[in-house]
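Step one of this worksheet: look at the structure below.
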Amino acid sequence: MDIRRAVEATPEDRNRTVDLARAVSISLVVLGHWLAAAVWVDDGVLRFTNILELASWTEWLTWIVQVIPVFFIAGGYANLRSFRSARRRGVRPAEWIVVRFRRLLTPVVPFLLTWLALVLVTRAVGVDPGLIGSGSLAAVTPLWFLAVYLLVIAAVPVTLRLWERFGWWSIVAGTAAAVVVDVARAAAGQDWIGWSNYVFVWFTAHQLGYLWADEERRPSPRALGVGATVAVVVLIALTVGGVYPISMVGIPGATRNNTLPPTAALLALTAVQYFAIRAVEPVANRFLRRTRPWTVVVSVQAIIMTLYLWHLTALALVVLAGYGLGVGFGIEPLSAAWWWTRPVWLVVLAAATWPLLWVFGRFEHRVRPVVDPPAPWLTAIGVVATIVGIAFLVVRGVVDAGGHVRWELVALVAAGVVLVGGFPAREPEAVTRSSRT
């Protein structure tokens with residue numbers, strides 16, 4: 001991708017804060033995962049855990065690094081503008097969904113194929129099935145976000161219609177539904193009830209993006225300040241008050257968390273982040289009109305899915321290499337020495353990620369053009385197969401307890417990808433990503 005040309009082609013009226021929000025959100029997720037990893041060797045045994053499990057005070061840090069809601073908010077903004085533009089041009093909703101799916105799935109295909117090959121090779125050479133299972137499951141865990149976001153995209157024709165008819169009330173209804181689900185889950189003592197909040201919480205965050213994109217007048221600084229204050233007070237009341245955990249990400253071994261499944265507390269954090277973005281929007285837009293900062297944002301966006309997909313693989317490679325060589329993991333996590341070495345840790349991980357970005361980042365721009373869109377019914381089957389297949393891969397893993405590949409799930413994902421045309425094209429796409437909404 002020609003970054004310079006993409007920067008020069010950016011329309012003057014583009015809200016660059018939206019792009020910044022997406023780039024920062026994914027970057028913070030990556031940094032959060034890297035910093036949270038607590039790896040050390042104890043009596044010759046490699047131990048791998050999370051700092052959230054070792055020290056309760058670190059739970060507060062998740063209010064900063066849990067920024068996936070920002071991506072959904074920014075996605076709502078971009079999807080509203082893109083869908084309406086397509087509608088004005090006479091593009092069918094099914095075709096619009098196919099275009100969106102292809103952009104997201106294209107870099108995922110080489111990721112899954114690579115890990116499938118690794119699983120087969122390691123199993124053939126006799127690696128412990130349990131190690132294969134845990135490693136492959138950890139690698140595909142980030143795909144949970146993709147499964148949910150694909151579902152959100154598939155529902156845009158419906159959720160946008162709800163927004164255009166009910167406006168603010170669609171956000172209120174989604175929030176109320178999330179609260180009702182949490183209450184029912186607690187009252188019945190059945191966690192499965194909470195899984196419906198994958199729809200209510202993340203769709204409501206997406207609706208906030210609609211609000212942002214469709215407003216006739218920007219809120220006053222005072223209104224944004226009041227909104228942010230109320231959201232923070234609600235978040236503190238919900239968490240410090242003991243109703244919900246403080247951590248906004250899952251903690252290994254914890255009986256409760258705010259993400260699996262998502263809770264109304266996560267929606268309170270979403271509101272805080274929405275008001276924060278809107279507060280800095282004017283300053284951010286002015287700053288991003290400068291060539292250098294905007295070039296950085298465009299560069300990150302050019303490989304954003306690749307970074308998200310491969311950053312945990314890079315972490316695993318560094319851990320395996322360090323353990324094999326006997327260097328790098330002799331410091332106890334959360335000690336003073338451990339904190340002082342975190343900058344070195346981040347540099348090493350970034351260095352390990354760079355070759356992966358160089359090799360696989362090119363696939364983000366091998367999106368197949370929609371020349372002859374599939375029939376709507378084929379699109380529907382492909383959409384459902386892709387979302388369900390990816391969701392089950394995340395929950396169940398690529399392999400079973402015996403180290404055998406779950407070929408039925410692989411086949412389901414493959415069928416969905418083929419039906420929507422989400423596999424890479426031979427040549428890079430002609431239109432640069434940053435010139436789109």
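Does I64 satisfy the criteria of being in a helix (DSSP H, G or I), touching a residue at least 40 places away in the same chain (Cβ under 8 Å) and farther than 18 Å from L309 by Cα? Reasoning before the result, please.
Working: in a helix (DSSP H, G or I): yes; touching a residue at least 40 places away in the same chain (Cβ under 8 Å): no; farther than 18 Å from L309 by Cα: yes.
Answer is no for this residue.
Yes or no: segment 345-363 includes at least one residue that is closer than 17 Å to L150 by Cα and either assigned to a helix (DSSP H, G or I) or in contact with a strand residue (DSSP E or B) (Cβ under 7 Å, 6 or more places away or on another chain) (or both). Working first, answer last.
Within segment 345-363, the first condition is being closer than 17 Å to L150 by Cα, and the residues that meet it are none.
No; the residues of segment 345-363 include none that is closer than 17 Å to L150 by Cα and either assigned to a helix (DSSP H, G or I) or in contact with a strand residue (DSSP E or B) (Cβ under 7 Å, 6 or more places away or on another chain) (or both).
Being free of Cβ contacts under 8 Å to residues at least 24 places away in the same chain and farther than 20 Å from S56 by Cα is the filter here, so list the residues in segment 327-339 that pass it.
Correct list: V327, G328.
Looking only at segment 250-275, which residues are small (G, A, S) and modelled with pLDDT under 95? Spell out the reasoning first.
Filtering segment 250-275 down to residues small (G, A, S) leaves 250, 253-254, 264-265, 268, 271.
Hits for segment 250-275 are G250, G253, A254.
Out of everything in segment 220-229 that is touching a residue at least 40 places away in the same chain (Cβ under 8 Å) and surrounded by 13 or more Cβ atoms within 10 Å (Cβ to Cβ), what residue ends up being nearest to the chain's Cα centre (by Cα)?
A228
Please go through segment 247-303 and pick out each residue that is without any contact (Cβ under 8 Å) to a residue 60 or more places away in the chain, touching a helix residue (DSSP H, G or I) at 6+ places or on another chain (Cβ under 6 Å) and in a loop (DSSP other than H, G, I, E, B).
Scanning segment 247-303 gives a single hit, N258.
Considering only residues that are more than 18 Å from the chain's Cα centre (by Cα), closer than 12 Å to I73 by Cβ and of a type in the set (A, V, I, L, M, F, W, C), which ones fall in segment 267-289?
If the condition is that a residue be more than 18 Å from the chain's Cα centre (by Cα), closer than 12 Å to I73 by Cβ and of a type in the set (A, V, I, L, M, F, W, C), then V272, F275, A276 are the ones that fit.
Go through (1) in contact with a helix residue (DSSP H, G or I) (Cβ under 9 Å, 6 or more places away or on another chain); (2) at pLDDT below 90; (3) surrounded by fewer than 19 Cβ atoms within 10 Å (Cβ to Cβ) and name the single condition V359 misses.
Single failed check for V359: (2).
Going residue by residue through segment 16-31, is there one that turns out to be over 26 Å from L267 (Cβ atoms) and part of a loop (DSSP other than H, G, I, E, B)? Break it down stepwise before answering.
Looking only at segment 16-31, we keep the residues that are over 26 Å from L267 (Cβ atoms), and these are 16.
So of that shortlist, the ones also part of a loop (DSSP other than H, G, I, E, B) come out as none.
No, because not a single residue in segment 16-31 is over 26 Å from L267 (Cβ atoms) and part of a loop (DSSP other than H, G, I, E, B).
Hey, any hits in segment 407-430 for a residue that's surrounded by 14 or more Cβ atoms within 10 Å (Cβ to Cβ), among the basic types (K, R) and either over 16 Å from L104 (Cα atoms) or modelled with pLDDT of 95 or more (or both)?
no
May I ask you to say which residue of A36, A55, A86 is small (G, A, S) and more than 23 Å from R256 (Cβ to Cβ)? Lay out the reasoning, then the answer.
Numbers: A36 fails: more than 23 Å from R256 (Cβ to Cβ); A55 fails: more than 23 Å from R256 (Cβ to Cβ).
Only one candidate qualifies: A86.
Can you tell me which condition D400 does not meet? The list is (1) surrounded by fewer than 18 Cβ atoms within 10 Å (Cβ to Cβ); (2) modelled with pLDDT of 90 or more, and all the others hold.
(2)
Tally the residues that are touching a residue at least 12 places away in the same chain (Cβ under 8 Å), more than 15 Å from F392 (Cβ to Cβ) and in a helix (DSSP H, G or I), restricting the search to segment 134-144.
Initial filter on segment 134-144 (touching a residue at least 12 places away in the same chain (Cβ under 8 Å)): 135-144.
Cutting the leftovers down to more than 15 Å from F392 (Cβ to Cβ) gives us 135, 138-139, 142.
Narrowing further to those that are in a helix (DSSP H, G or I): 135, 138-139.
Qualifying residue count for the region: 3.
Can you pull out every residue in segment 85-115 that is without any contact (Cβ under 8 Å) to a residue 40 or more places away in the chain, part of a helix (DSSP H, G or I) and among the charged types (D, E, K, R)?
Those that are without any contact (Cβ under 8 Å) to a residue 40 or more places away in the chain, part of a helix (DSSP H, G or I) and among the charged types (D, E, K, R): R87, R88.
Quick check: anything in segment 156-168 among the small types (G, A, S) and more than 24 Å from the chain's Cα centre (by Cα)? Before the answer, list the steps.
Within segment 156-168, the subset among the small types (G, A, S) is 167.
Add one more test, that the residue is more than 24 Å from the chain's Cα centre (by Cα), and what stays is 167.
So far as segment 156-168 goes, yes, one or more of its residues are among the small types (G, A, S) and more than 24 Å from the chain's Cα centre (by Cα).
Give me a count of the residues in segment 32-45 that are surrounded by 14 or more Cβ atoms within 10 Å (Cβ to Cβ), outside any helix (DSSP H, G or I) and of a type in the set (A, V, I, L, M).
Filtering segment 32-45 for residues surrounded by 14 or more Cβ atoms within 10 Å (Cβ to Cβ) gives 32-41.
Restricting the remaining residues to those that are outside any helix (DSSP H, G or I) gives 37-41.
This time we only want the ones that are of a type in the set (A, V, I, L, M), so: 37-39, 41.
Summing the residues that are surrounded by 14 or more Cβ atoms within 10 Å (Cβ to Cβ), outside any helix (DSSP H, G or I) and of a type in the set (A, V, I, L, M) in segment 32-45 gives 4.
Out of V388, V394, which single residue is in a helix (DSSP H, G or I), at pLDDT below 95, touching a Leu at 6+ places or on another chain (Cβ under 9 Å) and not polar (S, T, N, Q)? Talk me through it step by step, then tell me what you get.
Numbers: V388 fails: at pLDDT below 95.
None of the other options fit; the residue is V394.
Would you please name the residue that is nearest to the chain's Cα centre (by Cα), looking only at residues in segment 91-103 that are crowded, with 18+ Cβ neighbours inside 10 Å and hydrophobic (A, V, I, L, M, F, W, C)?
Among them, the one singled out is F101.
The values are calculated or read from the model by the stated rules, or taken from the named source; none is laboratory data. A quick note: this is a predicted structure, and the numbers were derived from the prediction, not measured. Ideal geometry is used to build each Cβ from the backbone, glycine not excepted, and the neighbour counts take in all protein chains shown.
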